């Protein structure tokens, strides 16, 4: 598993979704190629797309709305079914403290494009766990 920070990095950023030449402008394809077609070859490697879960959780220019991130995840999930593993959110206090709830929105997007489908089957959990940590937002 590789958890890739597609935020706070300028050129390989979630904010590039929807621009001409996406996903090249985001560089997911480079990660996919590196792990599946090069000397790093590992056909089992799963790539997780990282995003900031709040406008102040990272560089504000890297933030994308839950709806935009959901659309991006679904596109990556269908374009790269062998390497796409899921999503990573920074950080969970923002994900659960946002309205709409970024964590729930992300899970719904992933579930709608998964083998489980939009309905919850035996391979899927229907609950998004609530973290035991404080939901207090850190100041920037």
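The values are calculated or read from the model by the stated rules, or taken from the named source; none is laboratory data. As the structure is a prediction and not an experimental result, all values here were calculated from the model. We place every Cβ from the backbone using ideal geometry, glycine too, and count neighbours over all the protein chains shown.
Can you report the number of residues in the stretch 53-72 which are under 9 Å from the mean Cα position of the chain (by Cα) and closer than 13 Å to residue 103 by Cβ?
Residues flagged as under 9 Å from the mean Cα position of the chain (by Cα) and closer than 13 Å to residue 103 by Cβ within the stretch 53-72 amount to 2.
Scan the stretch 45-97 for residues that are touching a helix residue (DSSP H, G or I) at 6+ places or on another chain (Cβ under 7 Å) and part of a strand (DSSP E or B) and jot them down.
The answer is 47, 49, 51, 52, 84, 86, 87, 89.
Of all residues being surrounded by fewer than 16 Cβ atoms within 10 Å (Cβ to Cβ) and modelled with pLDDT of 80 or more in the stretch 30-43, which is nearest to residue 2 (Cα to Cα)? Just the residue, please.
Ranking the qualifying residues of the stretch 30-43, first place goes to 42.
Name the pairs: first residue in the stretch 68-90 and on the phi > 0 side of the Ramachandran plot and free of Cβ contacts under 8 Å to residues at least 60 places away in the same chain, second residue surrounded by fewer than 22 Cβ atoms within 10 Å (Cβ to Cβ) and assigned to a helix (DSSP H, G or I), Cβ to Cβ under 8 Å, at least 6 apart or on different chains?
86/110
Does residue 25 qualify as being within 14 Å of the chain's Cα centre (by Cα), over 13 Å from residue 4 (Cα atoms) and at pLDDT below 95?
no
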